[in-house]
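Take a look at the structure set out below.
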Amino acid sequence: MGRNNLAMVLHQRGFLKDRPEIQVLLKRAYAAAKRLGLPEALRIAQRYRQIFRKPIETVKK
């Protein structure tokens, strides 16, 4: 969840240059949560969709 939290802080900061890092952090947080079977995976995917306007599953690894 640390990656998710850091991504949200960067998103709140609002710098366009942070968007690639936010994308990477959310993707990694989602992969870890999904691998561990955590319910947070759904919330991370929803945040990703809100920020980037596309589902997280379409992001290439």
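Worth pointing out:
- Only protein heavy atoms count here; on that basis, with a 1.4 Å probe, Arg13 has an accessible area of about 120 Å².
- Distance histogram in 10 Å bins (all Cα pairs of the chain, percent per bin): 25, 60, 15, 0
- Signed unit charges on C-beta, dipole axis of the chain, positive-most listed residue Leu25, Ile56, Met8: Ile56
- In the context of the full set of protein chains, residues of the chain present 73 Å² of accessible surface per residue (probe radius 1.4 Å, heavy atoms only).
The values are calculated or read from the model by the stated rules, or taken from the named source; none is laboratory data. These numbers come from a predicted model, not from an experiment. All Cβ positions, even for glycine, are placed from backbone atoms using ideal geometry, and neighbour counts span all protein chains on display. Protein only, heavy atoms only, side chains kept; ligands, DNA and RNA dropped before computing areas. Shrake-Rupley method; radii C 1.70, N 1.55, O 1.52, S 1.80 Å.
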